[in-house]
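What follows is a single structure, written as structure tokens, with notes after it.
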Amino acid sequence: MIKVYGSRHCPDCINFEHNLTKNGLEFEFVDINENMPNLKEFLRMRDTNPAFDKTKQYGYVGIPAIVYEDGSIDLHWKNYLEDKGITIEYVDGEKKACSIDGKGC
């Protein structure tokens with residue numbers, strides 16, 4: 001089962017969670033805004049894993065972050081769904097991801 005780090009304030013996370021649930025895929029969702037331990041867990045991962053290097057370089061938070069059972073990390077939620085043959089359904093129209101400076105929302 002995958003673990004998804006995200007936020008219920010993030011358009012991409014909302015759409016990813018919706019599509020996972022709608023298609024009956026098992027996952028654990030860790031909302032990084034829910035509490036401080038969740039945020040710290042995500043930041044430790046983000047600050048030490050090279051999968052986030054380009055994301056940080058461009059000013060993105062790096063969510064939704066998909067963590068596989070083997071510990072590998074994937075930041076491409078649309079590809080994840082498409083690889084499973086799922087046509088993406090957007091909850092409230094297609095919205096762009098949020099940059100860390102807030103300009104991307």
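What to note about this one:
- FRET efficiency estimate (nearest 0.05) - Cβ-Cβ, residue 78 to residue 58, R0 30 angstrom: 0.95
- Rel. contact order, % - alpha carbon contacts under 8 angstrom, at least six apart, the stretch 2-83: 37 percent
- At full extension, residue 3 and residue 21 could sit 5.2 nm farther apart than now, given 0.36 nm per residue minus the alpha carbon distance.
- Ranking 65, 4, 48 by how far each Cα lies toward the positive end of the dipole of the stretch 2-83 (charges on Cβ) leaves 48 at the top.
Taken together, the values in this text are just the output of simple stated rules run on the coordinates, not laboratory data. All figures in this text were calculated on a predicted structure; none of them were measured in a lab. All Cβ positions, glycine included, derive from the backbone under ideal geometry; neighbour counts span all protein chains shown.
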